[in-house]
Amino acid sequence: MHEFGITQNIVAIVTEHAKGAKVQRVLLEIGKLSAIMPDAIRFCFDICTQCTVLEGATLEILEIPGLGRCRQCGAEISLDKPFGICNCGSVQLDLITGEELKIKEIEIEELCV
């Protein structure tokens with residue numbers, strides 16, 4: 001399960017950016033064509049955040065649909081796999097969206113002084 005290593009990296013990146021502040025929420029974008037299973041990331045997140053500034057943080061995942069552009073006719077088509085066939089018959093597609101893995105937002109606890 002490669003999602004465990006991916007989740008460890010996400011936690012490390014968020015921890016670095018939080019600079020010691022308690023993290024309340026993390027929003028990830030995961031493309032449907034990325035071969036990353038959101039449910040596995042959710043499971044691993046609870047394990048990987050134990051004893052860190054992310055412990056107890058809410059994980060939100062926004063799944064980005066697959067979209068490709070035909071090299072032959074320029075049409076954009078929805079994809080549920082990293083390959084497909086355009087209505088014009090071409091299989092030469094460039095992926096536009098669907099392979100993302102991004103930390104989109106981090107919400108940290110603000111301390112009032």
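All of the numbers you see were taken from the coordinates with simple rules; none came from a lab. In this text the structure is predicted, and so the values were computed from the model without any measurement. Note that each Cβ is placed from the backbone with ideal geometry, even for glycine, and that neighbours are counted across all protein chains shown.
Between rounded, prolate and oblate, where does region 28-113 land on the alpha carbon gyration tensor, with a ≥ b ≥ c its root eigenvalues, rounded for a/c under 1.5, else prolate if a/b exceeds b/c?
Prolate, because a/c is 1.5 or more and a/b exceeds b/c.
Suppose every Lys and Arg Cβ carries +1 and every Asp and Glu Cβ carries -1, with no other charges. What dipole size does the chain come out with about its Cα centre, to the nearest 20 debye?
It works out to roughly 300 debye.
HN-Hα J couplings of region 35-41 from phi, Karplus 6.51/-1.76/1.60, θ = phi - 60°, integer Hz, Gly and Pro as x?
3J(HN,Hα) across region 35-41, in whole Hz: 6, 10, 8, x, 5, 5, 5.
Given the DSSP H assignment, sum -39500 (n - 2.57) over each helix run of at least 4 residues in the chain and divide by its residue total; what's the result at 222 nm in deg cm²/dmol, nearest 500?
Result for the chain: -7500 deg cm²/dmol, rounded to the nearest 500.
Determine ³J(HN,Hα), in whole Hz, for all residues of region 88-99 in sequence, where each value follows from phi through the Karplus function 6.51 cos²θ - 1.76 cosθ + 1.60 and θ = phi - 60°; x replaces Gly and Pro.
For region 88-99, the Karplus curve yields 7, x, 6, 10, 8, 10, 9, 6, 9, 9, x, 9 Hz.
In the chain, what is the count of Lys pairs whose alpha carbons are under 22 Å apart, counting only pairs at least 8 residues apart or on separate chains?
8
So who's got an amide H within less than 5 Å of the one on G31, skipping anything under 5 residues away but keeping other chains? H placed 1.01 Å off N, in plane.
I64, E100, L101
Which GluC sites (Glu not before Pro) in region 71-100 pass both tests, a DSSP loop state and at most 16 other beta-carbon atoms within 10 Å?
When the GluC sites (Glu not before Pro) of region 71-100 are filtered for loop state and at most 16 Cβ neighbours within 10 Å, E99 remain.
Taking θ as phi - 60°, what are the ³J(HN,Hα) couplings along region 10-26 by the Karplus curve (6.51, -1.76, 1.60), each to the nearest whole Hz, with x for Gly and Pro?
My calculation for region 10-26 gives 4, 4, 5, 5, 5, 4, 4, 6, 6, 6, x, 6, 6, 8, 9, 8, 10 Hz in order.
Which residues does the label zone of C88 cover in region 62-80, counting backbone N under 19 Å from a point 7 Å along Cα→Cβ?
The answer is 67-79, whose backbone nitrogens lie closer than 19 Å to the label point.
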